[in-house]
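Worksheet: the structure to be examined is printed underneath.
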Amino acid sequence: MYSRTYKAIVSVPPLLWVGIFLLLPYALMSAHSFWAVRDGFVVHQWNLHNYQTLFSNPVYVRVLLRTMRIAGAVTLCSLLLGYPLAYYLSFLAGARKELLYQLVIVPLWVSYLVRGYAWKTILGSDGVLNGFLQYFHLTREPVGFLLYSPFAVVLMLTHIYTPFVFLPIYAALEHIPRPLVEASQDLGAGPGKTFLHIILPLSVPGVLAGATFAFALSLGDFLAPLLVGGASGTMIANIVQSLFGAAYDWPLGAAISVCILLITVSLFFVTEAFEKRWSLK
Amino acid sequence: MTANNSIRRTPLLTAYATLVFAFIYLPIVVLIIYSFNRDGVGGFPPRHLTLDWYRQLFADSALLDAVLNSLLVAAGAVALSLVLGLLAALALDRATFPGKTLFRRLVLLPLILPGIITGLSLLMFAVFAGAQLSLLTVFLGHGTALISVAATELFAGLQKMDRAQEEASLDLGATPLQTFWHVTLPNLRLPLIAAGLLIFTLSMDEIAVTFFLIGRNNTLPLEVWGRLRRGITPEINAVSTLVFMLSVGLIIIWYRVRRRAVHGDVN
């Protein structure tokens, strides 16, 4: 029913725009990762040197592994907080469900930076938490290890990604046909058994979607480490950022970026395949 | 009897859910309370409540300029990404062309990639194109990255839409343009508003992409970022509280609009 002109008018502008402003930039980044820096200039000399440096330099490997650990911890913590919350809302909250759902959504609209900043004011050695502890004589000296540590990064990112993880899990739980749950209980399965055999398997797509999102976005975060991470909380994206700034080695920075991009994209492909297998048809 | 009643209410789970809510809201509450604290951020308990920080805020021209810049960028980003997102959604819904799957994935890429990747790619592109970094590059970056949000929302809207209305319009002699204007667009009103509000908030907040595309004029998050390095002042709490209120205001507007629309459908 739509003419060829109609189809051309709606598809050509976005295709061109996305080609120029997304595909070309990403391609340019990939190209940079095969180039070199000489005397402070990027030269278009194709080579694999950047990738060699990346995988042979122990500093990069160590930071990459630490980044994976932090992203993994964030994913796990967000799931541990987000899943029970989603379960509670979907099955137990009753009439307050809508309101509570909105309460989970609201913080999603609060600036990332603002929330990070809030954690900084809470965890600092003259911060709110230390003031609280000393006021009630729980500690005499300020507790210094809270801020500027991998712990602080995990805490801040968990706070940010818990609502993100909650959303797809909640959607998956809401899609579970209630008669299925009732049938399981009518046939004598307790709540634990019903959860393990009915609810949990059917919510796997939601868990996967949320976990992938939290992991991928934590993996490339460079602001949380700068805000609350300190030297021991440095992550791989901080190295990229310094390579594009003071250290001035765009090709090496691009090579690391390409690695982050590949890890993220392949993760989403794997999850997509799993989700298809697990979803209820 | 619904399953809701037959699953036993466990006080343990209720307590846990309450704790999770406390965790989610703790920083926001702390932020707001300390924006009224005369003695600055930190220390316990907060005392000597004051509006001084808000007064300082409104006399702080650098901060106000940054707010203005952010509003400008966000408004532009909403317009750009809604237009391109609408076209992209229509193309995905109705046209067939080679590389359609690639196109769909590419549009969504900025949504799933860490901001630093998209930001750096766009920076390289700006340098490659010889463009000077400024609010214009930030606007182009936001507008392009957020096509993903607009296209997702509007594509979902198109899928739900009844195509018979468009067919009827065309059969009765309306031109394709008239049909688009009087049938398609009004049907997409809600997703357009939803996407617009979401894009506006996301752009007002954006920092990872902006970080690499910013010129001499700061957006609000970048201005706040710069100040955080110099030390913490409750002025930042005050401006953050106001931005939070703005976000909550936008959400409330959205629910009003949606409720009225749903009501309208019933009548």
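When the residues of region B:90-108 are filtered to those that are within 7 Å of chain A (Cβ to nearest Cβ) and not aromatic (Phe, Trp, Tyr), the one that is farthest from A:PRO251 (Cα to Cα) is B:ARG94. Based on this model, can you work out whether B:LEU222 counts as assigned to a helix (DSSP H, G or I), under 28 Å from B:VAL29 (Cα atoms) and modelled with pLDDT under 90? Judged against the criteria, B:LEU222 is not a match.
Across region B:140-150, what is the total count of residues that are among the hydrophobic types (A, V, I, L, M, F, W, C), under 14 Å from the mean Cα position of the chain (by Cα) and part of a helix (DSSP H, G or I)? Qualifying residue count for the region: 4.
The set of residues from region B:100-113 being part of a helix (DSSP H, G or I) and of a type in the set (A, V, I, L, M, F, W, C) comprises B:LEU102, B:PHE103, B:LEU106, B:VAL107, B:LEU108, B:LEU109, B:LEU111, B:ILE112. Of everything listed in (1) in a helix (DSSP H, G or I); (2) of a type outside the set (A, V, I, L, M); (3) over 30 Å from A:ALA224 (Cβ atoms), the single unmet condition for B:PHE97 is (1). Selection of region A:247-264 for residues being assigned to a helix (DSSP H, G or I) and aliphatic (A, V, I, L, M) yields A:LEU252, A:ALA254, A:ALA255, A:ILE256, A:VAL258, A:ILE260, A:LEU261, A:LEU262, A:ILE263. Looking only at region A:121-149, filter to residues that are within 7 Å of another protein chain (Cβ to nearest Cβ) and not small (Gly, Ala, Ser); which one of those is surrounded by the most Cβ atoms within 10 Å (Cβ to Cβ)? The extreme case among them is A:ILE122. Residues in region B:30-51 that are loosely packed, with under 15 Cβ neighbours inside 10 Å and either at the interface with chain A (Cβ under 9 Å from one of its Cβ atoms) or modelled with pLDDT of 90 or more (or both): B:PRO45 only. Scanning region A:195-254 for residues that are in contact with an Asp or Glu (Cβ under 7 Å, 6 or more places away or on another chain) and free of Cβ contacts under 8 Å to residues at least 24 places away in the same chain returns a single hit, A:LEU243. Residues of region A:61-116 that are among the small types (Gly, Ala, Ser) and either under 13 Å from A:GLY210 (Cβ atoms) or modelled with pLDDT of 95 or more (or both): A:ALA71, A:GLY72, A:ALA73, A:SER78, A:GLY82, A:ALA86. Quick check on my filter: what residues within region B:114-139 are over 17 Å from B:PRO221 (Cα atoms) and either acidic (Asp, Glu) or part of a helix (DSSP H, G or I) (or both)? If the condition is that a residue be over 17 Å from B:PRO221 (Cα atoms) and either acidic (Asp, Glu) or part of a helix (DSSP H, G or I) (or both), then B:ILE117, B:THR118, B:LEU120, B:SER121, B:LEU122, B:LEU123, B:MET124, B:PHE125, B:ALA126, B:VAL127, B:PHE128 are the ones that fit.
For region B:185-197, the condition holds for at least one residue, the condition being that it is touching a residue at least 60 places away in the same chain (Cβ under 8 Å) and either buried (at least 24 other Cβ atoms within 10 Å of the Cβ) or assigned to a loop (DSSP other than H, G, I, E, B) (or both).
The values are calculated or read from the model by the stated rules, or taken from the named source; none is laboratory data. Keep in mind the model is a prediction, meaning the values are calculated, not measured. For neighbour counting, all protein chains shown are included, and Cβ atoms are generated from backbone atoms with ideal geometry for every residue, glycine included.
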